[in-house]
Amino acid sequence: QVILAHAIRSAEAIFDLSHTLVVFERRHQCPLHSQKMASTEASSKVIPVTVLTGFLGSGKTTLLNHILSSQDHGLRFAIIENEFGEVGVDEKVVSQNLEEEMIEVMNGCICCTVRGDLVSGLKNLYGKVERFDAVIIETTGLADPAPVAQTFFVDEDIKKMYRLDGICTVIDAKHIVQHLDEEKPEGVENESVEQVAFADRILLNKVDLVTEDGKLEAIEARLRAINKEAPIFRCTHSKVEPKNLLNLNAFSLDRVLEMDSEFLNVDGEHQHDLTVSSVSSKFVGELNINKLNMFIGELVMTKGTDLFRYKGVFPVKGYDKKFVFQGVHMLFNGCFSDNEWKDGEVRECRFVFIGRNIDKDALVQGIHACQVSNEPLRFAVGDEVEIYIDADGGGPQTCAATECSVGTWTRARVAKHWDSGDPYCVELAVADAAGKKKKWVTEDTDNYIRKASSTAS
């Protein structure tokens with residue numbers, strides 16, 4: 001048996017698991033009607049805890065999915081997920097087919113603002129200790145791992161229940177140097193440096209994006225100058241054998257105290273860069289995939305340097321699968337996942353942007369502008385219409401009359417609504433220069449499609 005406790009929506013309600021706990025068996029599901037006292041043997045267990053840390057967009061959630069999907073370790077996990085923002089996205093990204101215990105710590109940084117909730121949650125979680133073998137904590141990319149690690153040494157109850165097995169830091173090879181070199185305001189620590197310094201294992205991820213000769217070796221030398229003890233594993237897509245990350249007894253308090261003599265000082269102040277903030281939102285509705293791609297593309301080109309991390313899960317009109325997008329600075333990836341929207345599931349848009357000096361209103365309005373109207377499309381299937389085609393044929397999709405340099409209005413018939421994410425799929429009366437008759441219209445406006453006239457070609 002394994003447990004799934006779904007995402008908890010507010011800091012005030014965090015870790016009140018009595019109303020959210022559901023028990024799953026491999027073949028069927030049944031509700032847990034009452035809490036049972038843990039056995040004497042179970043209550044004496046000391047549970048290993050692995051902390052996954054690393055700067056925004058380094059690949060922590062991908063690593064978590066990799067560990068959970070592995071059949072090699074034979075372990076049952078409790079997962080504590082932390083996001084820097086008011087809206088959780090990772091709960092929709094972590095594999096939905098896994099029967100694991102998920103606790104999400106939302107709206108704050110686990111190393112400071114919701115740290116007390118982490119302690120309370122760990123204590124409450126221990127009452128179900130017979131149902132899992134280990135705990136994995138994925139911190140937000142802005143977290144300093146020191147206060148998180150400190151939790152397991154300064155609280156007497158936590159010390160009896162858990163042991164910190166190790167801190168695994170995931171490094172984005174493409175962007176790590178600029179983050180290590182970033183100058184912070186006075187009194188603010190560089191999170192990337194702290195994450196490397198406290199690591200027991202370093203995953204140098206996305207090495208496929210670093211193609212210059214000798215660059216990876218230079219990056220590794222830089223990392224070893226900060227932390228000479230932690231082994232470094234080169235990887236892509238965060239793929240490292242779980243046996244190199246779990247049940248290692250790798251965390252050394254003596255090493256940490258040698259590096260930071262104030263590690264156990266619970267009164268020390270922890271400051272974040274106040275120019276860095278998050279913008280997040282969620283709303284019910286479906287998006288036009290073409291508008292979304294254009295908005296994100298322009299945003300990345302103009303603001304990419306200041307965007308540390310952005311991600312979201314969207315329902316797209318015309319598709320049953322969830323659209324997942326994520327990016328780091330100017331590297332953007334968006335695709336349809338294997339997970340479909342379930343019957344009865346609310347088709348809800350969720351997104352978060354984290355960066356420096358970001359314009360919250362502009363971002364939220366930009367995403368909302370991609371939403372598909374609830375109004376029916378103007379033309380029915382079978383209607384005769386005109387679409388605007390570029391002089392060279394315009395490819396499979398049409399263009400706007402005000403944007404194409406040279407083109408013509410061409411007669412067509414509406415063949416289908418919301419096909420491949422486009423409002424219309426139409427069939428031309430006469431094939432284009434490439435011999436194709438099907439075209440896809442990206443927007444339902446007169447700039448793209450209009451009622452047929454007697455003069456159309």
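E191: surrounded by 17 or more Cβ atoms within 10 Å (Cβ to Cβ) and at pLDDT below 95, yes or no?
yes
In contact (Cβ under 8 Å) with a residue 60 or more places away in the chain and either touching a helix residue (DSSP H, G or I) at 6+ places or on another chain (Cβ under 6 Å) or of a type outside the set (S, T, Y) (or both): which single residue out of L203, L223, L216 fits that description? I'd like the intermediate steps shown before the answer.
Numbers: L223 fails: in contact (Cβ under 8 Å) with a residue 60 or more places away in the chain; L216 fails: in contact (Cβ under 8 Å) with a residue 60 or more places away in the chain.
Just one listed residue meets the conditions, L203.
Just give me the residues in the stretch 323-338 being surrounded by 14 or more Cβ atoms within 10 Å (Cβ to Cβ) and part of a loop (DSSP other than H, G, I, E, B), in sequence order. Steps first, answer last, please.
Going residue by residue through the stretch 323-338, those that are surrounded by 14 or more Cβ atoms within 10 Å (Cβ to Cβ) are 323-329, 331-332, 334, 336-337.
Within the stretch 323-338, H329 is the sole residue that qualifies.
Name every residue in the stretch 354-371 that is over 15 Å from G297 (Cα atoms) and in contact with a Leu (Cβ under 9 Å, 6 or more places away or on another chain), in order of residue number. Working first, answer last.
Of the stretch 354-371, the ones over 15 Å from G297 (Cα atoms) are 354-361, 364-365, 368, 371.
Matches in the stretch 354-371: I354, G355, R356, I358, Q371.
Has the stretch 151-159 got any residue that is touching a strand residue (DSSP E or B) at 6+ places or on another chain (Cβ under 9 Å) and surrounded by fewer than 23 Cβ atoms within 10 Å (Cβ to Cβ)? Explain how you work it out, then say what you get.
Our first condition is that a residue be touching a strand residue (DSSP E or B) at 6+ places or on another chain (Cβ under 9 Å); within the stretch 151-159, this holds for 151-153.
Filter once more, so that each one left must be surrounded by fewer than 23 Cβ atoms within 10 Å (Cβ to Cβ): 152-153.
Among the residues of the stretch 151-159, at least one is touching a strand residue (DSSP E or B) at 6+ places or on another chain (Cβ under 9 Å) and surrounded by fewer than 23 Cβ atoms within 10 Å (Cβ to Cβ), which makes the answer yes.
Scan the stretch 417-444 residue by residue and report those that are in a strand (DSSP E or B) and among the hydroxyl-bearing types (S, T, Y). Before the answer, list the steps.
The initial filter retains those residues of the stretch 417-444 that are in a strand (DSSP E or B), namely 417-419, 422-428, 438-441.
Hit for the stretch 417-444 is Y424, nothing else.
Conditions: (1) open to solvent by 70 Å² or more (accessible area, probe 1.4 Å); (2) modelled with pLDDT under 85; (3) farther than 19 Å from T62 by Cα. D320 meets all but one. Number of the miss?
Only one criterion is unmet by D320, namely (2).
Are there any strands (runs of 3 or more DSSP E) wholly within the stretch 28-131 with 1 or more residues that are open to solvent by less than 50 Å² (accessible area, probe 1.4 Å) and modelled with pLDDT under 50, and if so which?
On the way: elements: 29-31, 47-53, 77-82, 101-105.
Ranges flagged: 29-31, 101-105.
Does I167 qualify as being surrounded by fewer than 23 Cβ atoms within 10 Å (Cβ to Cβ), under 27 Å from K243 (Cβ atoms) and either among the β-branched types (V, I, T) or modelled with pLDDT of 85 or more (or both)?
Values: surrounded by fewer than 23 Cβ atoms within 10 Å (Cβ to Cβ): no; under 27 Å from K243 (Cβ atoms): yes; either among the β-branched types (V, I, T) or modelled with pLDDT of 85 or more (or both): yes.
Answer is no for this residue.
Can you tell me which residue among E262, E241, E183 is modelled with pLDDT of 85 or more and either polar (S, T, N, Q) or open to solvent by 20 Å² or more (accessible area, probe 1.4 Å) (or both)?
On the way: E262 fails: modelled with pLDDT of 85 or more; E183 fails: modelled with pLDDT of 85 or more.
Being modelled with pLDDT of 85 or more and either polar (S, T, N, Q) or open to solvent by 20 Å² or more (accessible area, probe 1.4 Å) (or both) holds for just one of E262, E241, E183, which is E241.
Yes or no: the stretch 339-350 includes at least one residue that is closer than 30 Å to I176 by Cβ, in contact (Cβ under 8 Å) with a residue 12 or more places away in the chain and surrounded by 12 or more Cβ atoms within 10 Å (Cβ to Cβ). Working first, answer last.
First, pick out the residues of the stretch 339-350 that are closer than 30 Å to I176 by Cβ: 350.
Keeping just the survivors that are in contact (Cβ under 8 Å) with a residue 12 or more places away in the chain gives 350.
Then keep just the ones that are surrounded by 12 or more Cβ atoms within 10 Å (Cβ to Cβ); that gives 350.
Yes, the stretch 339-350 contains a residue that is closer than 30 Å to I176 by Cβ, in contact (Cβ under 8 Å) with a residue 12 or more places away in the chain and surrounded by 12 or more Cβ atoms within 10 Å (Cβ to Cβ).
The values are calculated or read from the model by the stated rules, or taken from the named source; none is laboratory data. The structure displayed is predicted, hence computed values, not measured ones. Please note: Cβ atoms are built from the backbone with ideal geometry, for glycine as well, and neighbour counts cover all protein chains shown. Just so you know, the surface numbers come from the protein's heavy atoms only, side chains and all, with ligands and any DNA or RNA stripped out. Shrake-Rupley method; radii C 1.70, N 1.55, O 1.52, S 1.80 Å.
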